[in-house]
Amino acid sequence: MIISKQNLLSEQDRLLIVKDIEFELKHNPSKNKDKPLYQTMVDIHEKYVKISKPWNNLFDKIFEIFIENKIKNGRFMTCWGMKQAKETNNYYHTHLSNIEGDNKEINAEHFSDLSIVYYAQNKYQKYGTYIGIGNLHEGVQNSIVIFDASMPHRPSDIPEEVLQEEDRLILAMDFKYD
């Protein structure tokens with residue numbers, strides 16, 4: 001299952017979310033050394049949904065997509081912003097377990113059912129996400145893609161000269177069924 005939708009938010013809402021991601025990258029980056037270099041903490045949705053209309057609009061749109069596609073009820077386990085840079089390691093991974101750190105025991109409680117990518121800022125749509133080995137899903141700015149968390153995926157490789165033009169910023173989320 002891969003679901004996508006374009007033109008998710010108004011341009012004003014998209015730009016405000018971009019601003020929030022940039023703020024979090026600068027002031028609250030992930031402290032986990034196993035995470036990519038330019039990643040926020042994994043709970044930014046808990047902060048911004050409470051205080052920001054654009055974030056509420058984003059999550060309302062996601063829930064509308066869930067209803068349209070008969071996706072089960074559940075909860076967002078994590079949500080983080082990420083900037084792709086030349087230092088980013090683009091390796092295939094899944095989001096079956098969203099546990100941080102070495103001390104935590106892996107059990108079914110920590111497994112994600114869906115992975116979600118919102119392309120907040122992505123000037124060139126051809127630089128999207130590989131979902132499944134070799135299957136490139138375009139990264140259209142202001143679009144979202146929802147897929148099974150067990151599917152291997154990775155960001156596409158972006159040439160350094162493109163990254164110098166404008167940062168590629170995404171929100172990634174993990175969703176677990178009730």
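The residues in the stretch 134-150 that are over 12 Å from Gln121 (Cβ atoms) and surrounded by 18 or more Cβ atoms within 10 Å (Cβ to Cβ) can be counted, and the count is 6.
Within the group Lys19, Lys26, Lys31, which residue is assigned to a loop (DSSP other than H, G, I, E, B), without any contact (Cβ under 8 Å) to a residue 40 or more places away in the chain and farther than 16 Å from Ile116 by Cβ? From the options Lys19, Lys26, Lys31, the qualifying one is Lys31.
Scanning the stretch 1-40 for residues that are touching a helix residue (DSSP H, G or I) at 6+ places or on another chain (Cβ under 7 Å) and either loosely packed, with under 13 Cβ neighbours inside 10 Å or among the aliphatic types (A, V, I, L, M) (or both) yields a count of 5.
Across the stretch 11-21, a minimum of one residue is classified as over 15 Å from the mean Cα position of the chain (by Cα), modelled with pLDDT of 90 or more and of a type in the set (A, V, I, L, M). Within the stretch 37-85, the set of residues being in contact with a Pro (Cβ under 9 Å, 6 or more places away or on another chain) and part of a loop (DSSP other than H, G, I, E, B) comprises Leu37, Tyr38, Met41, Ala85.
When you look at Asp167, is it over 18 Å from Ser4 (Cβ atoms) and either of a type in the set (Val, Ile, Thr) or surrounded by 15 or more Cβ atoms within 10 Å (Cβ to Cβ) (or both), yes or no? The answer is yes for Asp167.
The values are calculated or read from the model by the stated rules, or taken from the named source; none is laboratory data. Everything numeric in this text was worked out from a predicted model, so none of it was measured. Neighbour counts are summed over all protein chains in view; Cβ atoms, including those assigned to glycine, are modelled from backbone coordinates with ideal geometry.
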